[in-house]
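For reference, the structure discussed in these notes is given below.
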Amino acid sequence: MRKMFYLASLCFALSACGGDSGSNAPVQTAEAESLSESKPEPISPAHYYSLKDGLEYGYEQVISHDAANQGQAANHVLMLRYSGSKDGKHQLFNSENGLSQVIECEGDCSFIKMMIFSGGQMLKKEVIKGGNHSIAALALEDAKNGKLEQYIHESKGKKYHVWFTDKGRKLEEIK
């Protein structure tokens, strides 16, 4: 259980490393500035998920240099479901082996709340910095940009939206 808990937290928090150019950039001349202004803006991807299976979206974990050197060739894919948007917050979750891993942010997603539940009880809650290339940040970016369809849970002929609070999972019947 402890190993699964660690892996769950690690999967959400993993991020690609990126360098910061810092403030040592050379001063541009007016000619160089006009040339750089004529360059097209980078094209952002239509979405960040690698695959879609029904209402689940698969996000790939970046393979580290060390893992590649040890022979790992395939990426781990984390399947997430979009809970939706409520009170300015976006939320996604993954449920596997009795654990539910939840990520949530609001506004510009500068910070991401991660929660882990077993049954109806919260086991762990932490907040990480957003705005990076972690699976959590990219999935929430897709949610904010309207790239994900809201997950629908079906039980006994009724349909529900799923939302997690500090008190556990809540099902809201769709009428």
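The values are calculated or read from the model by the stated rules, or taken from the named source; none is laboratory data. No experiment lies behind these values; they were computed from the predicted model shown. Note that each Cβ is placed from the backbone with ideal geometry, even for glycine, and that neighbours are counted across all protein chains shown. Surface accessibility is based on the protein's heavy atoms, side chains included, excluding ligands, DNA and RNA. Shrake-Rupley method; radii C 1.70, N 1.55, O 1.52, S 1.80 Å.
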Query raised in the report: Looking only at residues in the range 133-145 that are in contact with a Ser or Thr (Cβ under 9 Å, 6 or more places away or on another chain), among the small types (Gly, Ala, Ser) and in a helix (DSSP H, G or I), which one is nearest to residue 59 (Cα to Cα)?
Result: 136
Requested in this report: Of the conditions (1) more than 20 Å from residue 106 (Cβ to Cβ); (2) in contact with a Cys (Cβ under 6 Å, 6 or more places away or on another chain), residue 153 clears all except one; give me its number.
Outcome: (2)
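Condition check ((1) touching a Cys at 6+ places or on another chain (Cβ under 9 Å); (2) in contact (Cβ under 8 Å) with a residue 12 or more places away in the chain; (3) in a loop (DSSP other than H, G, I, E, B)) across all residues:
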site	(1), (2), (3)
78	yes, yes, no
91	yes, yes, no
102	no, yes, no
114	no, yes, no
125	no, yes, no
131	yes, yes, yes
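Per-residue answers, yes or no, for (1) touching a Ser or Thr at 6+ places or on another chain (Cβ under 9 Å); (2) over 20 Å from residue 49 (Cα atoms); (3) of a type in the set (A, V, I, L, M); (4) at pLDDT 95 or above:
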site: 93; (1), (2), (3), (4): yes, no, no, yes
site: 96; (1), (2), (3), (4): no, no, no, no
site: 100; (1), (2), (3), (4): yes, no, no, yes
site: 107; (1), (2), (3), (4): no, yes, no, no
Query raised in the report: Which ones in the range 148-164 are of a type outside the set (Lys, Arg) and either more than 14 Å from residue 89 (Cα to Cα) or surrounded by fewer than 13 Cβ atoms within 10 Å (Cβ to Cβ) (or both)?
Result: 148, 149, 151, 152, 153, 154, 155, 157, 160, 161
Requested in this report: Please state which of the following conditions residue 111 fails to meet, knowing it meets all the rest: (1) at pLDDT below 95; (2) open to solvent by 50 Å² or more (accessible area, probe 1.4 Å).
Outcome: (1)
Query raised in the report: Does the range 48-85 hold any residues that are basic (Lys, Arg) and open to solvent by 60 Å² or more (accessible area, probe 1.4 Å), and which are they?
Result: 52
Query raised in the report: residue 64 passes all but one of (1) over 14 Å from the mean Cα position of the chain (by Cα); (2) closer than 17 Å to residue 145 by Cβ; (3) among the hydroxyl-bearing types (Ser, Thr, Tyr); which number fails?
Result: (2)
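Of all residues in the range 138-147, which are farther than 18 Å from residue 116 by Cβ and open to solvent by less than 30 Å² (accessible area, probe 1.4 Å)?
142, 143
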Report summary line: All conditions in (1) in a loop (DSSP other than H, G, I, E, B); (2) within 22 Å of residue 161 (Cα to Cα) are true of residue 83 except (1)
**Report entry** Filter result for residue 125 (basic (Lys, Arg), surrounded by 14 or more Cβ atoms within 10 Å (Cβ to Cβ) and at pLDDT 95 or above)
**Finding:** no
Report task. Inspect all residues belonging to the range 15-27 and state whether any of them is at pLDDT below 50, under 29 Å from residue 125 (Cα atoms) and surrounded by 10 or more Cβ atoms within 10 Å (Cβ to Cβ). Result -> yes
